[in-house]
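Reviewing the structure listed below.
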Amino acid sequence: MKQKGFTLIELLVVVAIIGILAAVGVVAYSGYTSGAKKSAIKSNFKTVEKYTSAELMKCQIGQTDIFINSGSNKVSCSGVDNPGRTYTAMVFDPSLRFLNPINNGIGNRADQHVLRNDVYKGSNIPDNMTGYIFLNFGSTWPATMRSCIEAPCSNPNNILTSSINY
C-alpha cells in the first residue's frame with residue numbers, strides 16, 4: 001500500500017524557503033519605508049522653504065507679523081531681524097498639516113511646533129530631531145533652513161540646507 005503525504009525533509013525544505021523569502025521581504029520593506037521617509041522629509045522641506053519665503057516677503061510690504069496661526073503663535077518682522085534667533089519647525093499654516101515622517105506621534109504635527117530654540121544654531125542637530133525643520137535668522141541675510149533626513153545628523157550628507165533671502 002502506497003502512503004500519500006510529505007516527508008519530513010520536504011516539509012523542512014518548504015519551511016526554510018518560506019523563512020528565506022520572509023527575511024528578504026522584511027529587509028526590502030524596511031529599505032522601502034526608509035526611502036519613503038527621506039522623500040517625505042525632502043518634500044516637507046521644499047514646502048516649508050516656499051512658505052517661509054512667501055511669509056518673509058510680507059515684511060518687505062509692511063506687515064508687522066508673519067507666520068500667524070489660529071492660536072497666539074506668530075513671529076514679528078522685528079523678530080526676524082533679531083540676530084541668532086532659531087525657530088524649530090516654524091510652520092503652522094493650517095493648510096500645511098503634514099506629519100514628521102520620523103516622529104509622527106500625537107503632538108508632532110509640524111503646524112503645532114512653534115518653538116524658539118537657540119540651542120540648534122549652527123550644524124548641531126541631534127539625532128532625535130530627525131525630520132524637524134530649523135529656521136535660523138542670522139545676523140546677516142539670508143535666513144538658513146536646515147533639516148536632518150536620517151541619523152547620524154553629524155554626517156553633512158544627511159543634512160538638507162537652504163538659504164532664504166528676505
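No lab work stands behind these numbers, since they all come straight from the coordinates. Since the model is a prediction, treat every value here as computed from it, not as a measurement. Every residue, glycine as well, gets a Cβ built from its backbone with ideal geometry; the counts of neighbours run over all protein chains shown.
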Exercise for the section: Quick one: net charge around Gly35, please, counting Lys, Arg +1 and Asp, Glu -1 for every other residue with C-beta under 13 Å from its C-beta. Expected result: +2
Practice task
Please give the net charge around Glu150, taking every other residue with its beta carbon less than 13 angstrom from that of Glu150, where Lys and Arg add +1 and Asp and Glu add -1.
Solution key: +2
Problem - Ranking of Lys2, Lys38, Lys46 by count of other Cβ atoms within 10 Å, fewest first - result: Lys2, Lys46, Lys38
Practice task
Would you grab the residues whose amide H sits under 5 Å from the one on Cys153? Only those 5+ places off in sequence or on another chain, please, with H modelled 1.01 Å from N.
Solution key: Asp127
Fill in the blank from the handout: In nanometres, the difference between 0.36 nm per residue of separation and the alpha-carbon distance of Ile9 and Asn124 is 35.8 nm
Handout entry: ³J(HN,Hα) computed for each position of the stretch 150-159 - Karplus, 6.51 cos²θ - 1.76 cosθ + 1.60, integer Hz, glycine/proline x
Key = 6, 6, x, 6, 6, 7, x, 5, 9, 10
